[in-house]
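First comes the structure, then the notes that go with it.
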Amino acid sequence: MFKFSKLVSALAVAGVALIGAQSAQAQVIKIDGSSTVYPITEAVAEEFQKAKKNAIKVTVGISGTGGGFKKFCRDETDFSNASRPITKAEMDLCKAAGVEYIEMPVAFDALTVVINPKNAFLKQATVAEMKVLWEPAAQGKITKWNQVNPAWPDAPVKLFGAGADSGTFEYFTEAMVGKAKSSRGDYTASEDDNVLVQGVSRDVNAIGYFGYAYYAENTSKLKALAIVNPKTGKAVEPSAANVENGTYAPLSRPIFVYVKAKSLQKPEVKEFVEFYMKNAAALTKEVKYVPLPASAYVGNLEHVKKNKLGTVFGGHNEIGITIEELMKREAKM
Amino acid sequence: MQANILTTEQIRALIAKGKLKDAVFKAVGIFCLAIALLVIVLLVSDMVMKGSERFTVDFFMNFASRRATQAGILSAWVGSLLVMLVTALAAVPLGVAAGVYLEEYAKRNWITELIEINITNLAAVPSIVYGLLALGIFVYQFGFGQSILSAGLTLALLILPIIIVSTREAIRAIPAMIREGSMAVGATRWQTCRYHIIPYAMPGILTGVIIGLARAIGETAPIITIGALTFIAFLPPVPYTTGTDGVTAGMFDWVMSPFTVMPIQIFNWTSRPDPAFEVNAAAAGFVLMAMVLSMNAVAIYLRYKMRKNIKW
């Protein structure tokens, strides 16, 4: 037995010693970032590796939009998945490290307000009503449905929503309450959307919000609430068609992939971008997100070709921006 | 005086009272044990029932996929095993040597006391703290990156206190006369350790090692911190073979490979929109549990076998 342990220690020493002498490593395309964009990028990576017969390796991690940009701006990854545009602070980080990037919207995510299927009184809601329900001033005060709208019953409101660290929370509060991250705190918050799905499906008086994919996979347990578009005054239900034609506003948002300009000089990264843009529409649909119009993917490739560096947002998010507007804008580092 | 002499009836009543208490405690004990057992039985049977349809060869041989029915745990179980290998290779020599030194060589003074208290405290440090430490030291300072090596060394740090403590316990259980007998015939301290102390302590050390590894294999937080991946559809390179990418791997290339581990795969599956992935998560949960249980079984077997060989 003692010989065994001697062998073990010898191996350990050898292992640590030999690590210094690294031989050539295979090229790996590294992607990290948002969990919202993850299903799309994962699907693309899966298909890409299949198409290339595993000659090119792709890895995808989940560390959140913010965590992803941290690694991206430290020059550790080739792509960063992001459920919101890059912020000013992150732009500065990237600039300091000399990391240049191209911003590519890849799909729409429709934030979906869901209610219990047995709920009979809620047909639609306006942004103003949602504000009354979710703003910080509502905390502890708005506890019954009829306090929001007198036409609704005298029943308790059960609220379910995204945790404060998520991009979903940030976007929802900005779109509904008017200020990012400003929300009442007395609701069931979870980073795991499946917890919210379970919560809403078990309580008639519940209301909650999360990404469209979680609703689309659970349509038997949930009902999507139509939200009145402030511009047209019409109540619109979240659906692929309504997101595509832009009527489901203001809760639909583009989600992004950022690619490092330096990485694009590698042929395999360029190939991956082309593969992504060509297959994004089909794969996006498969993972229950809403694809962008075909012109947007062509536009992205165009931007890659012209090396259009930077972001079109200037470091802060915008509500209700259309994809056409997005593609036309001038990007800045 | 009269009051102190009990009649037979009174004595019987006393005994009956004592026996009743005995029976009550036995019932409470069995009840508590039943709760513990029930929880584990429910947990395992729930996972088996939910995950049963995924127990196929494909599940073990497929990579992660966006389609639940095609998704497997190949990269996850290979990753978990390789990380455990690095963990064991790093933690066992360090932990055993430290334990032997503290028991056999170190002088009993306040410095040793301080070290002992610190080692015991280290065992209680939350694992995420080890992750943060490792991110700074292994991933960036030493430049190991998000690799199997970084993960293995991180978990090695995590279980080091467990191994040191169990080594010391095992050594303390060896009668002093063994040590004295060895010294009496002129053996040096090292010879005493080499031929007596370590072999006799081995069963206890091994138990500690395996319990440590069983804890490490289920760890998620420090591994996420140092950057394990969620989607990885290739395995670390096998030494001296040429991969699909046309690169021939060296002996130790696999330790620098990116990886994922079982707990991360399970976590990812539970948080996906498509409910079909819950089946995968349950099946993978069962596999992870089976891995831990079989590690414990190996520990028990080795302990039994080695104890048999020890003759004092």
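Please treat every number below as a calculation from the coordinates, not as lab data. Remember, predicted model here, so these are calculated numbers, not experimental data. No Cβ is skipped: glycine too gets one built from the backbone with ideal geometry, and neighbour counts run over all protein chains shown.
Given the -39500 (n - 2.57) contribution per DSSP H run of 4+ residues, what per-residue ellipticity at 222 nm results for chain B, rounded to the nearest 500 deg cm²/dmol?
The per-residue figure over chain B is -22000 deg cm²/dmol.
Close amide H pairs (under 5 Å, H built 1.01 Å from N) link A:Ala235 with A:Asn229, residues at least 5 positions away or on another chain. Remark: B:Ser147, B:Ser271 ranked as B:Ser271, B:Ser147, counting other beta-carbon atoms within 10 Å and listing the fewest first. Note that segment A:82-89 has calculated 3J(HN,Hα) couplings of 9, 8, 8, x, 4, 8, 4, 4 Hz, one per residue in order, obtained from phi through the Karplus relation 6.51 cos²θ - 1.76 cosθ + 1.60 (θ = phi - 60°); glycine and proline are x. For the pair A:Ala241 and A:Asn54, the difference between a 0.36 nm per residue extended length and the Cα-Cα distance amounts to 63.8 nm. Please figure out what share of the DSSP beta bridges in chain A is antiparallel and state it in percent, rounded to the nearest 5. Here the antiparallel bridges make up roughly 60 percent for chain A.
Comparing mean-square fluctuations of A:Ala107, A:Ala249, A:Ala240 from a GNM of chain A with C-alpha springs under 10 Å, the top value falls on A:Ala240. For segment A:20-112, treating each Cα as an identical point scatterer without solvent, what Debye log10 I(q)/I(0) comes out at q = 0.11, 0.12, 0.25 1/Å? Listed by q, the Debye log ratios stand at -0.36, -0.42, -1.27. With respect to the cross-link table entries A:Lys231/A:Lys305; A:Lys123/A:Lys221; A:Lys131/A:Lys231; B:Lys19/B:Lys308; A:Lys179/A:Lys285; A:Lys70/A:Lys285, which display a Cα-Cα separation exceeding 27 Å? Pairs exceeding the cut-off: A:Lys231/A:Lys305; B:Lys19/B:Lys308; A:Lys179/A:Lys285; A:Lys70/A:Lys285. Over chain B, calculate the relative contact order: mean separation of alpha carbon pairs under 8 Å at least 6 apart, over the residue count, as a percent. RCO, chain B: 25 percent.
Over segment B:111-176, the ratio between the Cα radius of gyration and 2.2 N^0.38 Å evaluates to 1.35. Our summary gives chain A a relative contact order of 24 percent, counting only alpha carbon pairs under 8 angstrom and 6 or more residues apart.
Hey, any idea what the orientation-averaged projected area of the convex hull of segment B:129-279's Cα atoms comes to, in nm²?
13.3
For chain B, the average shadow cast by the Cα convex hull is 27.2 nm², which is a quarter of the hull's surface. Of A:Ser182, A:Val44, B:Phe259, whose Cα points farthest to the positive end of the dipole of the protein assembly as shown (charges on the beta-carbon: +1 Lys, Arg; -1 Asp, Glu; origin at the Cα centre)? The listed residue farthest towards the positive side: B:Phe259.
Residues considered: B:Ala216, B:Ala34, B:Ala124. Largest GNM mean-square fluctuation over chain B, using C-alpha springs under 10 Å, is found at B:Ala34.
Hull volume per residue, based on the alpha-carbon atoms of the protein assembly as shown and their convex hull, is 256 Å³.
With N counted as the residues of segment A:184-333, its alpha-carbon radius of gyration over 2.2 N^0.38 Å works out to 1.23. Among the residues of B:146-156, the average count of other protein chain beta-carbon atoms within 10 Å of the residue beta-carbon is 1. Treating r as the C-beta distance of B:Trp110 and B:Tyr195 and R0 as 35 Å, the FRET efficiency rounds to 0.65. Take the Cβ atoms of A:Gln265 and B:Val238, set R0 to 35 Å, and the FRET efficiency comes out at 0.70.
Segment B:15-139: percent of C-alpha pairs farther apart than 24 Å?
Working: 5100 of 7750 pairs.
Beyond 24 Å sits 66 percent of the P(r) for segment B:15-139.
Over all orientations, segment A:85-124 has a Cα convex hull whose mean projected area works out to 5.1 square nanometres.
State, as an integer percentage, the relative contact order of segment A:142-231 based on alpha-carbon contacts under 8 Å between residues 6 or more apart.
With pairs under 8 Å counted, the relative contact order is 25 percent.
Treating r as the C-beta distance of B:Thr69 and B:Asp22 and R0 as 56 Å, the FRET efficiency rounds to 0.50. The angle between the Cα long axis of helix A:294-306 and the main principal axis of chain A comes to about 40°, on a 0 to 90 degree scale. The magnitude of the dipole of chain A, with charges of +1 and -1 set on the Cβ of Lys/Arg and Asp/Glu and taken from the Cα centre, is near 360 debye.
Placing unit charges on the Cβ atoms of the charged side chains and taking the dipole of the protein assembly as shown about its Cα centre, the candidate lying farthest along the positive direction among A:Phe121, A:Gly64, B:Ile159 is B:Ile159. With the simple model of a label 7 Å out from the Cα in the direction of the Cβ, B:Tyr304 to B:Met49 spans 3.2 nm. Compactness of chain A is given as radius of gyration and Dmax, 22.8, 82 Å, from Cα positions.
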